[in-house]
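To keep things clear, I will list the structure first and then write my remarks on it.
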Amino acid sequence: MQQAETPVPTPAIPDQIQMASERTYLAHERTLLAWVRTGTSLVTFGLTLHKFFEYLHEQNPVKQSPKLFGPRFMGFSLIVIGMLTLGMACWQHRQRTRFLRTIEPALSFSPAYTLAALMALLGVLSLISPLLNR
């Protein structure tokens, strides 16, 4: 006696709304990653600027009056702007994802959001570390 072959179920074809919400979600992920690159660049440039002028000061320790808008201030300002950029990008991504989840509740977890949060934490640590090394 021959066994009847059981048909392999074919996966359901996603409807247009599901596909559109997934494309929109992925577009938000790409946007967040672009903001992460921008924020990270600002933080690292701020650190580089601060360390470069610190090195120059160590090589030529001429007493100068502290300037209000000197290189240290500019470096810290870039770090703060980079952290604010990362924070606002995370907030915007979270708001957009919440809205998309009302349409499509099965959207996947966002590794880009985790990366952005970790980079913001790194920015906070990079801002605090020079202040602690005084």
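The values are calculated or read from the model by the stated rules, or taken from the named source; none is laboratory data. Model, not experiment: these values are computed from the prediction. Please note: Cβ atoms are built from the backbone with ideal geometry, for glycine as well, and neighbour counts cover all protein chains shown.
Things worth noting here:
- Against the numbered list (1) modelled with pLDDT under 80; (2) in a helix (DSSP H, G or I); (3) surrounded by fewer than 14 Cβ atoms within 10 Å (Cβ to Cβ), residue 72 comes up short only at (3).
- Among the residues of segment 1-11, the one identified as modelled with pLDDT of 75 or more and among the polar types (S, T, N, Q) is 6.
- Screening segment 84-109 for residues that are polar (S, T, N, Q) and at pLDDT 85 or above and picking the one that is surrounded by the most Cβ atoms within 10 Å (Cβ to Cβ) gives 85.
- Some residue of segment 126-133 being over 19 Å from residue 45 (Cα atoms) and either assigned to a helix (DSSP H, G or I) or touching a helix residue (DSSP H, G or I) at 6+ places or on another chain (Cβ under 6 Å) (or both): yes
- Within segment 12-60, the residues that satisfy the criterion of being within 19 Å of residue 127 (Cβ to Cβ), surrounded by 13 or more Cβ atoms within 10 Å (Cβ to Cβ), of a type in the set (S, T, N, Q) and modelled with pLDDT under 90 are 40, 44.
- Given (1) touching a Phe, Trp or Tyr at 6+ places or on another chain (Cβ under 8 Å); (2) at pLDDT 85 or above, number of the condition residue 127 does not satisfy: (2)
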